[in-house]
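Visitor: Could you have a look at this structure, given as structure tokens, before my questions?
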Amino acid sequence: MRRSSTFARQVLLVRVGRRDDDLAPTEHRYADRQRRRYGLDRLSRPTLGVDPTLGLDRADIDAIMPVSPAMPPMAQADEARSIPLLPGERTLARRMKFGLVNACTLASLMLGMLAIFLAMQGEVRIAALCLIACVGFDGLDGALARRLGVASPFGAQMDSLADMCSFGLAAPVVVYASLAGSVSTAAAAVACALVAACAAIRLARFNVSPKDGRFFCGVPTTMAAAVLAVTVAIGLPVPGAVLVAGVALLAFAMVSSFPYAKLARLVKLPPWLWLAPVIGALVDIRLTFALIVVGYLVSGPVLWLRQRRTA
């Protein structure tokens, strides 16, 4: 049976392969069978729908072959261009200014890492002071970039990453270390995880949202971290459950849509309004700080209601 089937297959191959009464030799037929089996004849046989007598070469055939829409054309090597980190004129003076601004950003990042290490060793007060220094460097790098004329998209993205490390991670770690022993571990972990998650959402939303020169949309991450750091540094005498609730409230305030006034607008307030917090700080700094924080958090919903009524 195997011989008869092999013989019949050979006869069929001979009949199919007949061209102008010429029979291909046996070894060539077996060679074609091997090429068809392993797909090697795809490289040499003409494309369907193209007459091989037209004299088209391989380049012409590739040019008329359809291209799948799922496979975008490969970009040419000469079209790939690198985006400069510092737009504009790249002189030595501007590069030094650019390096100074980014050094402030890196200093904020390193201080945030130091705050985490100190909190892990139980030095929560010193770690909170490091966070306050992070807030200072974070405001300094933006002011220097605008003043020196070296603001760039690279600097904005780097500042956002440093803020996530210092204010989105280091601040919750310091707060968690300060709450150890006063509240349950699960409650402290949930509240601090909320701060980290809301800080990431707040920073991402700030990067893609249009900027408003008057108000913030939600409490800024820097201000939230400053409130947490000062709370730990001065040792606010409130129960642990109240602190956990305040941390969670501050986290939700970061991702809220309430408008909060920027620091530039607060500075323009009448000078007599600043006498009350200054005198209060001399009497009881903890109570004054708590009243300022509560007043600022309440100002967002109040401004939101006022805008809805006037709209």
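Visitor: What lysines does residue 211 reach when the alpha-carbon gap must be under 24 Å and sequence neighbours fewer than 8 apart in one chain are set aside?
Guide: Residue 211 reaches 262, 268.
Visitor: Please compute, over every Cα-Cα pair in segment 192-231, the percentage with a separation greater than 14 angstrom.
Guide: Taking all Cα-Cα pairs of segment 192-231, the fraction more than 14 Å apart is 50 percent.
Visitor: Also, quick follow-up: Could you give each residue of segment 224-236 its phi-based ³J(HN,Hα) in whole Hz, using Karplus coefficients 6.51, -1.76, 1.60 with θ = phi - 60°, and x for Gly or Pro?
Guide: Per residue, the Karplus-derived 3J(HN,Hα) values read 4, 5, 5, 5, 5, 5, 5, 4, 6, 5, 8, x, 4 Hz.
Where a number appears in this text, it was derived from the coordinates with a stated rule and is not lab data. Given the structure is predicted, the values throughout are model-derived calculations rather than measurements.
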